[in-house]
Amino acid sequence: MRDEWIAGSVRRNFFYHKGQLQVEGMAVPELAHRFGTPSYIYSRSALEQAVASYAEPLKGMKHLIAYAVKANGNLAVLDILARLGCGFDVVSGGELLRVIEAGADPALVVFSGVGKREDELALALRSGIRCINVESRSELESLCSIARDMQITAPVALRVNPDVDPKTHPYIATGMANSKFGIAWRDAMLLARECSRMSDIRLCGLSCHIGSDLKDINPWLEAARHLLDMAKQLRGEDIVLEHIDMGGGLGINYTAADTAPQPETWMHELRRLFSGSGLSLMIEPGRSIVGSAGILLTRVLYIKSHQQRRIAIVDAGMNDLIRPALYQAQHPIMAVQSIADRPQYEATEIVGPVCESSDCFAPAIHFPVEAEDLLAIGAAGAYGFSMSSQYNARPRAAEVMVDQDHAYLVRRRETVEDLWRGETRIPF
């Protein structure tokens, strides 16, 4: 049943009671009855606990926790995090407008991303955001021109590529020399000096982001030492920075074999490194805030046997949760209701209905599952709905926020009419 996922702080929010999986004070079968399947179910208290795990070790230190919106941009999630004092890391104009719609303070927003359009840069300047993380000389030149035309001084941090191996999946490694992200280490000092002489640019910091789903904090600490050394060199040239942004990417435990460090461990180490630097610390956690705060609820449609394999076909597909297909990611899968009285079967493969062989959530689970069973795919709060699609003309799932013994529909399930909304036929 993969109970190992329900551990530590997660256990306080996802647990079994009288043979039924609970999310805080709500029984998951009741949520399935009210909202249908597939649905994403989030725990408010899990979000609050995750933010506290970052904020508590940084008390008394200048810092900004800028939640990475790309992990999960639901307005209810953003609203809760804004109420907790979080800033936001956005990577598009759409994400910026989304956090503003959620009630966030633009002055706490950091704009990252390797390919910002001119209209997005202008939007960021008009909105009065905290900082734009610039990733290339050409982007800096474009921003400078826009700022001059708008008669605004652009707040800038240079995203430096520290060439540090984050030891993660190659698709989500972003801080090595062969990555498309950031400014090469050898060019960053030169560009920083140029920034300091630009009247339309205010160089306020350095930034890096080395990868995602990291299970080892040592690469971050190596990158932090590099950036602190660079800031010290710049200070020696009378170029005084305000902050260093260490990015995000801390992993979570998807399986019993995972050994993701706790946020507190990372924060204590960064606090030690930053002590006496005079610099504010920015971080951009996403997965470690919302990943363990959500499940994907799905129902078994059919059971079939094929080539000596037992297969359970569920109503959620790779269009709902693409991580297993895209990254070969493993997510825990749990029975929602007690199955203790059932006979044991051979291992069962859990697959979705999408017309792709890669639409598989687990090659083998080892508990008895039958048609109509409800299953919960755990640790699905990050990069679940935010990466979902309408592939195979499948309306996207509902999203539900549980707050103690209340459940709120925070995104309605799409209808089939939503699939072609905005499209037109040609007139002849």
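The values are calculated or read from the model by the stated rules, or taken from the named source; none is laboratory data. The structure displayed is predicted, hence computed values, not measured ones. For neighbour counting, all protein chains shown are included, and Cβ atoms are generated from backbone atoms with ideal geometry for every residue, glycine included.
Annotations
- Taken together, THR259, THR255 contain a single residue that is in contact (Cβ under 8 Å) with a residue 24 or more places away in the chain, among the β-branched types (Val, Ile, Thr), surrounded by fewer than 17 Cβ atoms within 10 Å (Cβ to Cβ) and within 25 Å of CYS208 (Cβ to Cβ), which is THR259.
- Only one of the listed residues (HIS406, HIS331) is surrounded by 18 or more Cβ atoms within 10 Å (Cβ to Cβ) and either closer than 25 Å to MET26 by Cα or of a type in the set (S, T, N, Q) (or both). That residue is HIS331.
- The condition of being crowded, with 21+ Cβ neighbours inside 10 Å and of a type in the set (Lys, Arg) holds for only one of LYS62, LYS70, that being LYS70.
- Every test in (1) among the polar types (S, T, N, Q); (2) under 18 Å from the mean Cα position of the chain (by Cα); (3) surrounded by fewer than 24 Cβ atoms within 10 Å (Cβ to Cβ) is passed by SER288 save one, and that test is (3).
- Of the criteria (1) over 29 Å from ALA393 (Cβ atoms); (2) more than 17 Å from the chain's Cα centre (by Cα); (3) modelled with pLDDT under 95, which one SER305 fails: (1)
- Pick from region 334-348, criterion assigned to a loop (DSSP other than H, G, I, E, B), at pLDDT 80 or above and among the hydrophobic types (A, V, I, L, M, F, W, C), ranking: nearest to ALA380 (Cα to Cα): VAL336
- One residue stands out among those in region 39-59 that are touching a residue at least 60 places away in the same chain (Cβ under 8 Å) and of a type in the set (A, V, I, L, M, F, W, C): the one that is surrounded by the fewest Cβ atoms within 10 Å (Cβ to Cβ), which is LEU58.
- From the list ALA371, ALA362, the one residue that fits, being under 23 Å from LEU31 (Cβ atoms), small (Gly, Ala, Ser) and surrounded by 14 or more Cβ atoms within 10 Å (Cβ to Cβ), is ALA362.
- Subset of region 1-21 that is surrounded by fewer than 20 Cβ atoms within 10 Å (Cβ to Cβ) and among the polar types (S, T, N, Q) - its residue that is modelled with the lowest pLDDT: SER9
- Failed criterion for GLY352 (all others in (1) of a type outside the set (A, V, I, L, M, F, W, C); (2) closer than 30 Å to PRO285 by Cβ; (3) in contact with a Lys or Arg (Cβ under 9 Å, 6 or more places away or on another chain) hold): (3)
- Tally, over region 338-352, of residues that are buried (at least 17 other Cβ atoms within 10 Å of the Cβ) and over 25 Å from the mean Cα position of the chain (by Cα): 2
- Test for LEU321: is it in a strand (DSSP E or B), at negative phi, in contact with a Leu (Cβ under 9 Å, 6 or more places away or on another chain) and of a type outside the set (Lys, Arg): no
- Members of region 107-134 found to be more than 21 Å from ASP149 (Cα to Cα) and surrounded by 14 or more Cβ atoms within 10 Å (Cβ to Cβ), listed by number: LEU108, VAL109, VAL110, SER112, GLY113, VAL114
- When region 239-292 is filtered for residues that are assigned to a strand (DSSP E or B) and over 22 Å from GLY73 (Cβ atoms), the ones remaining, listed by number, are HIS243, ILE244, SER280, LEU281.
- Taken over region 197-241, the criterion of being surrounded by 16 or more Cβ atoms within 10 Å (Cβ to Cβ) and small (Gly, Ala, Ser) is satisfied by GLY205, SER207, GLY211, SER212, ALA223, ALA224, ALA231.
- Taking (1) surrounded by 11 or more Cβ atoms within 10 Å (Cβ to Cβ); (2) touching a Leu at 6+ places or on another chain (Cβ under 7 Å) in turn, ALA393 satisfies each apart from (1).
- Among residues of region 169-187, those that are crowded, with 21+ Cβ neighbours inside 10 Å and either over 10 Å from HIS209 (Cα atoms) or modelled with pLDDT under 65 (or both), counted: 4
- Flag if ALA188 is under 29 Å from the mean Cα position of the chain (by Cα) and either assigned to a helix (DSSP H, G or I) or among the aromatic types (Phe, Trp, Tyr) (or both): yes
- Any hit, region 281-288, residues being closer than 29 Å to VAL23 by Cα and free of Cβ contacts under 8 Å to residues at least 40 places away in the same chain: no
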